[in-house]
Amino acid sequence: MACSATAKILQPLSIRSAEKSESCGKMLSPSSFLGSTPLPKKLFSVNKTISPLARRSATIVAVSSDVVKEKKLKSTQNLLITKEEGLVLYEDMYLGRAFEDMCAQMYYRGKMFGFVHLYNGQEAVSTGFIKLLKKEDCVVSTYRDHVHALSKGVPARQVMSELFGKTTGCCRGQGGSMHMFSKEHNVLGGFAFIGEGIPVATGAAFTSKYKREVFKEDCDEVTLAFFGDGTCNNGQFFECLNMAALWKLPIVFVVENNLWAIGMSHLRSTSDPQIWKKGPAFGMPGVHVDGMDVLKVREVAKEAVSRARRGEGPTLVECETYRFRGHSLADPDELRDPAEKAHYATRDPITALKKYVIENKLASEAELKAIEKKIDEEIEEAVEFADESPVPERSQLLENVFADPKGFGIGPDGKYRCEDPKFTQGTAQV
Amino acid sequence: MAAMLQSLGVTSASVTSNKFTAFSINSLPVIRSESRTVSVAINGTRKAGKVTTKAVAAQAENPTSAASKPGHELLLFEALREGLEEEMDRDPRVCVFGEDVGHYGGSYKVTKGLADKYGDLRVLDTPIAENSFTGMAVGAAMTGLRPIVEGMNMGFLLLAFNQISDNCGMLHYTSGGQFTIPTVIRGPGGVGRQLGAEHSQRLESYFQSIPGIQMVACSTPYNAKGLMKAAIRSENPVVLFEHVLLYNLKERIPDEEYVLSLEEAEMVRPGEHVTILTYSRMRYHVMQAAKTLVNKGYDPEVIDIRSLKPFDLYTIGNSVKKTHRVLIVEECMRTGGIGASLTASINENFHDYLDAPIVCLSSQDVPTPYAGTLEEWTVVQPAQIVTAVEQLCKQ
């Protein structure tokens, strides 16, 4: 196994914090990684040596084919979730799916423009991770960020408004689809360039450590950074893995590996497509998990998040997932093999959870239908709200460029530009 | 938190008592320019008593008795450090990220001793990953800290352009005003002594179009400390340009705390015949040329614009209205530099007051050569400034 080769990596000296050094090898075996959670070891597929030829096959070695089997085996054991948790997870995933479907409709009706990237099929990753967080924990995403924002708690009406470009949007209409921010819910964006958000997430995790060690506060806030397989070939990814592991920052790097970066297959662009292996190279555990199964994701997420909360440092989690739609609404999606799409369609995370919940008698079909109806209404209401909201006035143009508008400088008349009455009308010369 | 912003102008005592040797500035009487009252709400209230309204008690005569002189003498890099240390004492959220800022003390000693005092987390030695640690500073700023990013050389920050442009500059806007990015990005730039092309870059021209950032350039220990403090206290992202050759300038600065305005220019030498606009190291070439010009009978008005973005059009405009002739002397490249923007701005706003076209002396559009003679010819020298003024005044 790969981890034995890395067991000899020396841990970096910790900065002024009393931490015991851990050997790298110990962190890699799944049972110790999971800590005390009593789970069958087979639940997580750990890397068996895969021959180079196998990597080139069209589908990655399926790590989840045991989903249904595992669950049947566990019927005598404790279930992974309670009823309440099950309903929360179901509601969140259904919200994500329904919202994105509505986005597509609205886009084709000319209500939103530009680049819109939908999350259909990947809901298990967002729900599995974000539903474990507290409000103070931070989430950083990419341009495929609608569902991350929704899972974190940003109201659907605010996200829809933002997409319509209205002032009531979460960013006053100034950000758009790719820039969802919420100070209240600690969603730190929404970034258009891939890899751009990872350092921001690292910085948020740094603040958490700073609060603990400089302010001496009891701070265990965690940051999650979501990004895709394409990003894992980008410099900022590697630079941040290094810094996060070096300083043991409370961050989890979540790779949403959907195998495609627009039209570039992950296998065609990456020398070693197994992204989770890049974690141990930097001194942090790397875990691969089936991203179409929300329960598996949730179990891994629990461990990764509590590792970070305990101050043990970062984790790299690779979620094998798939997007049912194209890269964006402008993508004709002609390159992907229909057989591949069909294969993943059978592994729809929402259908899988529904099946689990019903088979294990956690909830009835009727209860789930009620949730779906509630969400459908919420989405309809969000669209109505967005439709009726006003578009930004001209006066909004110059606001928010600077936190301190004196930054626009001093005009020829000696007054600050922001004091010009035309400034608030958005027509001042700046 | 008190946000005390005052504008202080420095004027020379008189032309005759000139002690403008190349690298030392004697104490000069400090006169406060008319204070600006801004009706825009600023965070915080005035903290009574802590900061005096006049930086130095007015001293009109005898700058020669050293013993009774108020203030303390230090070098420019020490002034930067003093400003940084005062702000770090004042606000525990202020921290520094950069390569070799901690244990090494900074490659130009600006952060010397600070890691011992504040610890490894507040003065963070980063790996060599400019884009990422600048982005880290943005993330830290969004979540409540006030980081200062040091580029070991300004040129290295080209690697951080993604984060500086997209995140520092734009994030406040794209988040609809929800997140502020109170970062300071600073470092030495400019042409040094045969440092080669890549270590001699002037990034002010590349950054000037980024919306949402402010840019200032310091040139004396006095304004270095004042601008450093102002930049740290500002809620906007500020890029502070220092110059490699100016770190050892010595000056006597006030003991009392003072903060300068980020948006104002500095009147270096009032005059009547021509307005010379400059910043950073070229200020000294201009003052050297000014000596020659005065001997030849000219009376140049020299303004250190200090604020590279936005321009202080009030100070500049008043000067243009007085002299009607403008010469810009900068170290930036000819194409798309600060001078180019300033020329356009003055033409737009003060065209009626000009008696002659604006002359802009910039560095050649050439990668800075290593050879000393070639390097000298790429930047503007005092002799060229004298010639330019003479020609300008003939028209």
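Miscellaneous remarks
- In segment A:147-169, residue surrounded by the fewest Cβ atoms within 10 Å (Cβ to Cβ) [restricted to those that are farther than 16 Å from A:R97 by Cα and of a type in the set (G, A, S)]: A:G165
- Restricting B:S234, B:S280, B:S219, B:S261 to those that are among the small types (G, A, S), under 13 Å from the mean Cα position of the chain (by Cα) and within 14 Å of chain A (Cβ to nearest Cβ) reduces the list to B:S261.
- Test for A:E221: is it more than 8 Å from chain B (Cβ to nearest Cβ), open to solvent by 10 Å² or more (accessible area, probe 1.4 Å) and within 29 Å of B:Y118 (Cβ to Cβ): yes
- Residue count for segment A:273-316, restricted to those that are touching a helix residue (DSSP H, G or I) at 6+ places or on another chain (Cβ under 8 Å), free of Cβ contacts under 8 Å to residues at least 60 places away in the same chain and either among the hydrophobic types (A, V, I, L, M, F, W, C) or assigned to a loop (DSSP other than H, G, I, E, B) (or both): 2
- Subset of segment B:349-368 [touching a residue at least 60 places away in the same chain (Cβ under 8 Å) and open to solvent by 30 Å² or more (accessible area, probe 1.4 Å)]: B:P367
- Being more than 14 Å from chain A (Cβ to nearest Cβ) and at positive phi is a property that B:H273 lacks.
- Scanning segment A:309-326 for residues that are touching a strand residue (DSSP E or B) at 6+ places or on another chain (Cβ under 8 Å) and either under 21 Å from A:K355 (Cβ atoms) or open to solvent by 20 Å² or more (accessible area, probe 1.4 Å) (or both) returns A:C319, A:E320, A:T321.
- All helices (runs of 4 or more DSSP H) inside segment B:76-185 with 1 or more residues being among the aromatic types (F, W, Y) and more than 9 Å from chain A (Cβ to nearest Cβ): B:76-90
- In this structure, A:V200 qualifies as more than 20 Å from A:E381 (Cβ to Cβ), touching a helix residue (DSSP H, G or I) at 6+ places or on another chain (Cβ under 9 Å), in contact (Cβ under 8 Å) with a residue 60 or more places away in the chain and open to solvent by less than 10 Å² (accessible area, probe 1.4 Å).
- Residue match in segment A:291-308 (condition: more than 27 Å from A:M93 (Cβ to Cβ) and open to solvent by 10 Å² or more (accessible area, probe 1.4 Å)): no
- The strands (runs of 3 or more DSSP E) found wholly in segment B:245-348 and carrying at least 1 residues that are open to solvent by less than 40 Å² (accessible area, probe 1.4 Å) and among the β-branched types (V, I, T) occupy B:250-253, B:266-269, B:274-278, B:300-304, B:326-333.
- In the set A:R144, A:R172, only one residue is touching a residue at least 60 places away in the same chain (Cβ under 8 Å), out of contact with any helix residue (DSSP H, G or I) (no Cβ under 6 Å at 6 or more places or on another chain) and open to solvent by less than 30 Å² (accessible area, probe 1.4 Å); that residue is A:R144.
Okay, residues lined up against (1) under 15 Å from A:V140 (Cβ atoms); (2) at pLDDT below 95:
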position	(1), (2)
A:A201	yes, no
A:F206	yes, no
A:K209	no, no
A:D218	no, yes
A:A225	yes, no
A:C232	no, no
A:K248	no, no
A:V252	yes, no
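- Positions within segment A:180-192 being closer than 13 Å to A:H117 by Cβ and surrounded by fewer than 24 Cβ atoms within 10 Å (Cβ to Cβ), in sequence order: A:A192
- Tabulated pairs, segment A:401-421, first at the interface with chain B (Cβ under 7 Å from one of its Cβ atoms) and within 22 Å of B:H172 (Cβ to Cβ), second in a loop (DSSP other than H, G, I, E, B) and aromatic (F, W, Y), C-beta under 7 angstrom, 6+ apart or interchain: A:F408/A:F402; A:G409/B:F311
- Scan of segment A:421-430 for residues that are open to solvent by less than 50 Å² (accessible area, probe 1.4 Å) and in a loop (DSSP other than H, G, I, E, B), ordered by number: A:G426, A:A428
Rundown of residues vs (1) open to solvent by less than 10 Å² (accessible area, probe 1.4 Å); (2) under 20 Å from the mean Cα position of the chain (by Cα); (3) modelled with pLDDT of 95 or more, yes/no style:
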residue	(1), (2), (3)
B:T111	yes, yes, yes
B:L114	yes, no, yes
B:K117	no, no, yes
B:T126	no, no, yes
B:N131	no, no, yes
B:G135	yes, no, yes
B:V149	yes, yes, yes
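- Meets criteria (open to solvent by 10 Å² or more (accessible area, probe 1.4 Å) and charged (D, E, K, R)) for B:E242: no
- Condition met for A:F238 (in a loop (DSSP other than H, G, I, E, B), open to solvent by 10 Å² or more (accessible area, probe 1.4 Å) and either within 8 Å of chain B (Cβ to nearest Cβ) or at pLDDT 95 or above (or both)): no
- For segment A:182-193, a residue qualifies if it is in contact with a strand residue (DSSP E or B) (Cβ under 6 Å, 6 or more places away or on another chain) and either at the interface with chain B (Cβ under 8 Å from one of its Cβ atoms) or in a loop (DSSP other than H, G, I, E, B) (or both), and the qualifying residues are A:N186, A:L188, A:G189, A:G190.
- Residue within segment A:366-376 that is of a type outside the set (S, T, Y), open to solvent by 30 Å² or more (accessible area, probe 1.4 Å) and not in a helix (DSSP H, G or I) present: no
- Matching residues in segment A:175-187 - criterion: being free of Cβ contacts under 8 Å to residues at least 40 places away in the same chain and among the small types (G, A, S): A:G175, A:S182
- Residue satisfying all of: in segment B:204-229; among the β-branched types (V, I, T), touching a Ser or Thr at 6+ places or on another chain (Cβ under 9 Å) and outside any strand (DSSP E or B); surrounded by the fewest Cβ atoms within 10 Å (Cβ to Cβ) among these: B:I210
The values are calculated or read from the model by the stated rules, or taken from the named source; none is laboratory data. Remember, it's a predicted structure, so these values are computed and weren't measured experimentally. Glycine also receives a Cβ, built like all others from the backbone with ideal geometry; neighbour counts cover every protein chain displayed. Only protein heavy atoms, including side chains, enter the accessible area calculation; ligands, DNA and RNA are left aside. Shrake-Rupley method; radii C 1.70, N 1.55, O 1.52, S 1.80 Å.
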